[in-house]
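Novice: Would you mind keeping the following structure in view while I ask a few things?
Where a number appears in this text, it was derived from the coordinates with a stated rule and is not lab data. Computed from a predicted structure; not experimentally measured. Neighbour counts run over all protein chains shown; Cβ positions are idealised from the backbone, glycine included.
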Amino acid sequence: MNPSTALAAVLADELIRCGLREAVLAPGSRSAPLALALHARAEAGGVRLHVRIDERSASFLALGLAKASRRPVALVCTSGTAAAHFHAAVIEADEAGVPLIVLTADRPPELRGTGASQTIDQLKLYGSAVRWFCELGVPEALPGMAGYWRSLTCRAWGQAAGLGGGHGVPGPVHLNVPLRDPLVPDDGEPAAALTASSGGWPESLDGRPGNRPWTSFADPAAGPGWPAIELPWAERGLIICGDGDYDAEPLLRLAGQAGWPVLAEPSSNARRGPNALPAYAYLLADPGFAAAHRPDVIVSAGRPGLSRGQLACLRGAPGEPPRRHVVLAAGPGRWSDPARTATDVAGSVRLAPGPAGDPAGSAWLAAWRAADAAARAASDEVLAVARPLPDSLSEPLLARTLAAALPDGGLLWAASSLPVRDLDQHMRPRSGLRVLASRGASGIDGLISAAIGAACAHQADGGGPAAALLGDLAFLHDAAGLFIGPDEPRPDLCLVVANNDGGGIFSLLEQAALPVPFERVFGTPHGADLSSLAAAAGIGYHRLERAADLPALLGGPAQGAGAQLARIERARSQYARSQYARSQYARSRGGRAGGAAGDRGGGLRIIEARTDRAEGTELRKKISAACAAALAGLR
Ligand SMILES: Cc1ncc(C[n+]2csc(CCOP(=O)(O)OP(=O)(O)O)c2C)c(N)n1
Ligand SMILES: [Mg+2]
């Protein structure tokens with residue numbers, strides 16, 4: 001076996017021993033050994049492989065897979081600008097704590113700096129966005145390589161997963177892999193040999209017996225716990241849950257014990273239980289309510305920052321007496337304190353024994369609940385009579401309906417910009433729905449692919465149907481993410497696009513007052529025909545006319561899905577072996593393959609809701625005014 005092939009086979013083998021389940025790659029020549037090794041292992045049922053043409057889509061697909069599964073995903077590309085296209089997803093993975101193992105193939109050193117084609121400086125390409133960077137040595141048939149390659153792979157796995165001596169935070173790692181020709185297996189070498197046999201090597205390349213990884217990591221749950229902080233009870237407390245992957249249960253219990261409202265962003269997955277207040281954004285945006293309801297204690301978790309009212313609440317008013325703000329950290333050195341008001345950082349928090357009022361009868365909680373109910377009723381009333389038709393397609397109504405319609409066990413990907421904010425303002429508390437979003441860097445990039453990845457992983461783990469709520473610019477930004485090869489795994493996923501022909505969020509910001517350049521410079525209308533795009537990608541499409549029709553549409557395939565299914569059927573017979581491997585994989589995982597479209601009925605499809613930006617702006621202003629009037633009525 002030639003050295004490049006051997007290295008790739010060992011890397012793939014060791015990653016699978018570590019627990020790798022999903023790998024994503026984009027095509028290229030320098031990366032051929034890695035691609036062939038992963039493909040061989042996928043055929044054997046050891047891992048699921050996803051191939052994408054566009055590296056940016058590939059990297060966000062990997063991000064979605066890793067985010068939903070909470071496991072490292074391998075991401076492979078060739079040398080040159082291909083590697084640069086991973087950068088945005090690597091940044092999001094860093095900010096949001098998502099485990100990725102990025103493997104960029106590279107020219108060997110003797111070909112660098114010579115003007116050789118597709119050669120750039122790939123060393124530390126992602127800067128401080130990775131937990132660990134390592135440039136591998138050019139593979140050579142020397143003794144000691146098995147230990148070198150296998151231990152290094154385990155280190156990458158441990159660093160990405162946040163393992164290896166404590167409660168680390170998961171994140172991306174970058175292995176730059178120089179590969180020298182030959183880049184394909186030697187003549188006549190069977191594909192099966194790519195699973196790390198060691199013909200022609202000075203020593204065995206095999207891993208540890210029993211299919212164990214070279215290095216195993218102690219379970220962090222067995223180690224010393226995170227420092228907890230004890231808080232004395234105070235009546236005026238708030239729990240603010242920002243985006244993030246943390247266990248909200250202890251916070252919800254604390255809220256119940258202390259009688260504190262829970263103000264939870266959708267992707268905190270903490271918007272449930274009796275103290276969760278879905279209209280909280282309207283309460284915090286109301287200066288009168290905010291001034292009369294200043295908390296003495298705030299406990300915050302995750303990454304808050306979705307609305308100005310929420311940030312103002314964290315900041316407090318000038319001259320106000322200092323208050324306690326306990327921030328729960330995701331891990332060492334990783335906590336969010338956007339207003340710089342943290343008085344304490346801890347791993348968890350509990351109420352100190354001692355005098356506590358009557359949380360159930362607390363006037364503080366009752367006031368928040370009454371205000372929430374009033375704001376909710378006011379906003380619902382505006383939505384119910386929104387022009388031009390009753391039950392017309394307003395974006396807030398779409399968000400509210402979608403979050404309620406997905407069944408228990410479902411998954412919802414919320415795009416940045418207005419979709420996640422509409423959910424924040426209108427999604428009713430519920431359990432059973434997992435809401436994910438790219439809120440690490442809050443980009444509108446890669447969101448189709450990230451949603452596809454999240455849905456694939458969610459459904460491979462036995463999860464239910466998935467939907468994504470996307471703005472039109474976010475949708476177009478990752479249009480390449482729609483173009484998926486016939487043999488690629490596809491989830492049951494509805495891409496629900498609120499198409500207001502531009503960036504609706506800017507109409508709510510200060511620049512909206514600049515009439516002349518506004519539309520061209522911020523609004524960015526495009527007039528794109530999404531149904532043509534769907535047809536070009538062979539993806540089912542449905543135009544939604546009324547929000548009330550959404551629940552029924554979520555359940556079934558859209559127009560055009562028949563053609564998609566037929567294509568997939570052809571692909572199925574062509575690739576019967578791959579399908580067999582997928583089912584083997586699914587069995588080994590104890591779940592579904594999550595393979596081609598139709599495995600779960602719906603497949604990948606688009607539902608477009610056309611809305612009007614100006615009307616949407618007016619509607620949101622009306623809702624805010626109605627909420628303010630309702631809150632004033634309570635005083
Ligand atoms: C990669 C990236 N580029 C630019 C932005 C800035 N940005 C934030 S929201 C937005 C507009 C999004 O428009 P759309 O997806 O249609 O959602 P809408 O505001 O209409 O709901 C832009 C360009 C961003 N967040 N990420
Ligand atoms: Mg838009």
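Novice: What angle do you read, to the nearest 10 degrees and between 0 and 90, between the alpha-carbon axis of helix 363-384 and the longest principal axis of the chain?
Specialist: With rounding to tens, the tilt is 80 degrees.
Novice: Roughly what angle does helix 32-43 make with the longest principal axis of the chain, taking Cα atoms, 0 to 90 degrees, to the nearest 10?
Specialist: 80 degrees
Novice: For the ranges 15-25, 537-547, 448-458, what's the packing order if you count other beta-carbon atoms within 10 Å of each residue, average per peptide, and put the highest first?
Specialist: Packing order, densest peptide first, comes out as 448-458, 15-25, 537-547.
Novice: For Lys67, list the lysines whose Cα falls under 26 Å from its own Cα; do not include residues on the same chain fewer than 8 positions away.
Specialist: Reachable lysines: Lys124.
Novice: Amide H to amide H under 5 Å from Leu205: which residues, 5+ apart in sequence or cross-chain, H placed 1.01 Å off N in plane?
Specialist: Residues meeting the criterion, in which the H sits 1.01 Å from N, are Ser198.
Novice: Give the long-range amide H neighbours of Arg543: residues separated by 5 or more places, or on another chain, with amide H under 5 Å away, using H modelled in the peptide plane at 1.01 Å from N.
Specialist: Glu608
Novice: Percent relative contact order of segment 3-206, based on C-alpha pairs within less than 8 angstrom and at least six residues apart?
Specialist: Relative contact order comes out at 28 percent.
Novice: Mind running the shape call on segment 1-88? Use the C-alpha gyration tensor, a ≥ b ≥ c as the square roots of the eigenvalues: rounded below 1.5 for a/c, prolate if a/b tops b/c, oblate otherwise.
Specialist: Judged from the Cα gyration tensor, segment 1-88 comes out oblate (a/c at least 1.5, b/c at or above a/b).
Novice: Using DSSP, restrict attention to beta bridges with both residues in the chain and report what percent are antiparallel, rounded to the nearest 5.
Specialist: 5 percent
Novice: Here is a follow-up. Give me the percent relative contact order of the chain, please, defined on Cα pairs under 8 angstrom at least 6 residues apart.
Specialist: Computed value for the chain: 14 percent relative contact order.
Novice: Calculate, for Ser128 and Arg350, the FRET efficiency according to 1/(1 + (r/R0)^6) with r their C-beta to C-beta distance and R0 35 Å; round to the nearest 0.05.
Specialist: Rounded to the nearest 0.05, the efficiency is 0.50.
Novice: Under 15 Å Cα to Cα from Lys621, which aspartates and glutamates show up? Leave out anything in the same chain fewer than 8 places away.
Specialist: Lys621 reaches Asp286, Asp380, Glu381, Glu395, Asp422, Glu510, Asp612.
Novice: Would you grab the residues whose amide H sits under 5 Å from the one on Leu433? Only those 5+ places off in sequence or on another chain, please, with H modelled 1.01 Å from N.
Specialist: Gly409
Novice: Suppose a student asked you for the relative contact order of segment 228-374, using Cα pairs under 8 Å spaced at least 6 residues apart; what percent would you report?
Specialist: Values: 282 pairs, mean separation 46.4, N = 147.
It comes to 32 percent, rounded to a whole number.
Novice: Regarding segment 1-150, what whole-number volume in Å³ per residue does the convex hull of its Cα atoms give? Please list the in-between numbers first.
Specialist: Values: hull volume 16.2 nm³, N = 150.
Value for segment 1-150: 108 Å³ per residue.
Novice: Another question, then. Provide Rg and Dmax in Å for the chain, with only Cα atoms included in the calculation.
Specialist: Here Rg and the maximum Cα pair distance are 25.8, 84 Å.
Novice: In segment 230-355, with Lys and Arg counted as +1 and Asp and Glu as -1 at Cβ, which of these residues, Leu306, Ser348, Ala276, has the Cα nearest the positive end of the dipole, that is, farthest along it?
Specialist: It is Leu306, whose Cα lies furthest towards the positive end.
Novice: Between helix 576-589 and the chain, what is the angle of the helix's C-alpha long axis to the longest principal axis, kept within 0 to 90° and rounded to the nearest 10?
Specialist: Here the helix axis deviates by roughly 60 degrees.
Novice: Report the Stokes-Einstein translational diffusion coefficient (µm² s⁻¹, integer) for segment 199-289, Rh taken as the Kirkwood radius over Cα pairs, at 25 °C with viscosity 0.890 mPa s.
Specialist: 141 µm²/s
Novice: Can I ask one more? Might you report the magnitude of the Cβ-based charge dipole of the chain about its Cα centre, with Lys and Arg at +1 and Asp and Glu at -1, to the nearest 20 debye?
Specialist: Dipole of the chain, to the nearest 20 debye: 900 debye.
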